[in-house]
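Every number here is computed from the coordinates shown, using simple stated rules; none is lab data. Note that the coordinates shown come from a computational prediction; the quantities given were computed from them, not determined experimentally.
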Ligand code: E4P
């Protein structure tokens with residue numbers, strides 16, 4: 001399973017890229033808005049230059065023609081841009097056109113295996129079940145990931161499943177066990193994956209013992 005970073009924060013993307021962990025980035029309008037007054041195109045191009053893998057950028061239009069125009073424009077900015085299109089009738093129609101133009105898409109705001117299947121059938125490059133938001137309303141969000149993976153495998157559908165709306169490290173283990181191709185992870189959760197109190201204690205103890213040995217020599 002690959003890990004993408006779910007953020008528009010350039011410093012966080014730089015840091016995670018330096019660690020060598022991430023192979024892509026996902027953004028959405030809320031994540032971009034969180035970064036304040038940034039120039040959208042400049043920020044997207046900077047992200048594309050830091051991470052050579054897929055960078056998901058969301059189209060804001062809600063009707064087919066607008067989605068198509070936006071997707072063509074966004075994807076012309078850099079070869080690694082993936083256009084996020086929300087689940088909707090317009091979204092399905094737009095993706096079925098864009099897939100024929102070889103424009104990469106991420107069928108986003110996916111909350112059921114049926115939606116994921118439809119995305120795959122119209123040729124979406126990725127579908128993104130939002131695990132955490134489903135958990136929030138009392139559903140097992142990871143079941144949508146597992147079902148989509150199973151269905152795509154059964155019918156050799158090339159669409160990849162991105163486990164999205166990840167809230168904690170256990171979501172990532174569950175996504176990997178469910179066979180998700182990708183988990184897109186917020187920066188704080190990525191840091192939580194790395195650190196463990198017993199590791200920190202172990203490192204401190206080894207350093208202490210080593211320094212004592214050195215002093216005795
Ligand atoms: C994924 O592509 C989305 O940007 C993201 O995972 C949504 O997560 P949220 O539910 O924490 O907003």
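Using only the alpha-carbon atoms, how far is helix 197-216 inclined from the longest principal axis of the chain? Give it as 0 to 90 degrees, nearest 10. Once rounded, one gets 30 degrees.
The length gained on full extension between residue 2 and residue 196, counted as 0.36 nm times the residue separation minus their Cα-Cα distance, comes to 67.7 nm.
For the chain, the longest principal axis of the Cα atoms and the long axis of helix 64-75 meet at an angle of about 40 degrees.
Per the Kirkwood formula applied to alpha carbons, the range 92-217 shows a radius of gyration over Rh ratio, Rg over Rh, of 1.25. Under conditions of 25 °C and 0.890 mPa s, the range 32-84 yields 212 µm² s⁻¹ as its translational diffusion coefficient, taking Rh as the Kirkwood radius over Cα pairs in the Stokes-Einstein equation. Here the ratio of the Cα radius of gyration of the chain to 2.2 N^0.38 Å is 1.15.
With everything on Cα atoms, drop me the angle between helix 169-178 and the longest principal axis of the chain, reported from 0 to 90° to the nearest 10. Roughly 60 degrees between the two axes.
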